[in-house]
Amino acid sequence: MTHVDPAQAQALAAIVGGGSFEAAAATLSITPSAVSQRIRALEVAVGRPVITRARPLRATDAGQAIVRFARQLELLTADLSDELAAEDQRSRQRITIVVNGDSLHTWVLPALAPIAETLQIEMLREDQDHSLDFLRSGAAAAAITSVAAPVQGCSSHPLGIMRYLPVSTRSFRRAWFPDGATPEALGKAPLIVFDRKDDLQDAYLRPRTRSAADAPRHHVPAAEEFAEAIRLGMGWGLVSELELHRDRGDLLPFDDDGHLDVPLHWQQWRHGSTALTAVGSAVRRGAALLRQPGTGRTEQ
């Protein structure tokens, strides 16, 4: 069985977090030479490279597993420290999670607010189709994702379904969809997308028009401004039901039979901590606002 020295794993995690051997040395209060020696010893122990030497420095697949081990060890050590400390000396543990923009904009913050007094929560915004990269690399302990299959070393829990509706202003609908959401109109009407990773609008368009890729588009990479761009008539876009429930009535669905459902899952490290368990429980409670499978509705 391979033995991984915690100090060596910590050195690798510091390199990945800081981006260089020098930054890792500063974080660990040792010399860059000592960091290099720990990494060489770690690679001898596991029998393969744990980091690429090209810029930027990246952990290999084996290195990512070791970084996850180091981060989990940090959480467990903090748990033990709090358990042994007097109640008034306990520290706020830091938990890093990945949240997609629409969940962050609608239901995640109210879900996490009740536990904010006891933790430090770092939220990384990433599209639900790409959030697992942070889990694999060890950069985050948990993620809201559209992928059900758990990442190695993680558990996966279904949260519910986020339903998206194609919306526009009333005047935009009159100008671009006078005969409804026809294939011809959808292929020409300008649309709003979040960023270059955002595939929601195209996923809605692909089964409806052959010219989906030709439709003009604007990129607006912020949830609130995304909806505002639609309100200003710059184009149409897919907006979640939860967002529409809070809308002032400017955004109206233009395809009565059209929607896109995105199942969401909560993936977190299996070997976590008391703090990570608390965050996961809070997220799962908050997810009651999502459309639940089999109910045909969103719980309010």
Next item on the list: Could you work out the relative contact order of the chain, using alpha carbon pairs under 8 angstrom and six or more residues apart, expressed as a whole percent?
Entry: 21 percent
Notebook entry, point to check: For the chain, what is the accessible area per residue in Å² when the probe is 1.4 Å?
Noted result: 50 Å²
Next item on the list: Please give the helix 274-286 orientation as an angle from the longest Cα principal axis of the chain, in degrees from 0 to 90, rounded to the nearest 10.
Entry: 10 degrees
Note to self: With 22 Å as the cut-off, how large is the P(r) tail for the stretch 194-300, expressed as percent of Cα-Cα pairs?
What the structure shows: 47 percent
Check: Taking a quarter of the surface of the Cα convex hull of the stretch 208-263, what do you get in nm²?
Finding: 4.9 nm²
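Would you tally the net charge around W269, using a Cβ to Cβ cut-off of less than 10 Å, leaving W269 out, and scoring K and R as +1, D and E as -1?
Here the count lands on +3.
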Next item on the list: Using only the alpha carbon atoms of the stretch 246-294, find the Kirkwood hydrodynamic radius as the inverse mean reciprocal pair distance, in angstroms to one decimal.
Entry: 14.2 Å
Checklist line | Principal axis box of the stretch 1-143, alpha-carbon based, largest edge first, Å | finding: 46, 42, 31
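Hey, how much of the P(r) for the stretch 122-208 falls beyond 18 Å, as a percent of Cα pairs?
Roughly 57 percent, rounded to a whole number.
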Notebook entry, point to check: Computed over the Cα atoms of the chain, what is the ratio Rg over Rh, Rh following Kirkwood?
Noted result: 1.06
Check: Given a Förster distance of 41 angstrom, what is the FRET efficiency for S171 paired with E83, based on the Cβ-Cβ distance and rounded to 0.05?
Finding: 0.10
Note to self: What is the distance in Å between the Cα centroid of the stretch 25-45 and that of the stretch 131-166?
What the structure shows: 32 Å
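The values are calculated or read from the model by the stated rules, or taken from the named source; none is laboratory data. These numbers were taken from a predicted model, which means no experiment stands behind them. Here Cβ is always computed from backbone atoms with ideal geometry, including for glycine, and neighbour counts include all displayed protein chains. When the accessible area is computed, the model is the full protein with side chains, heavy atoms only, and any ligands, DNA or RNA have been set aside. Shrake-Rupley method; radii C 1.70, N 1.55, O 1.52, S 1.80 Å.
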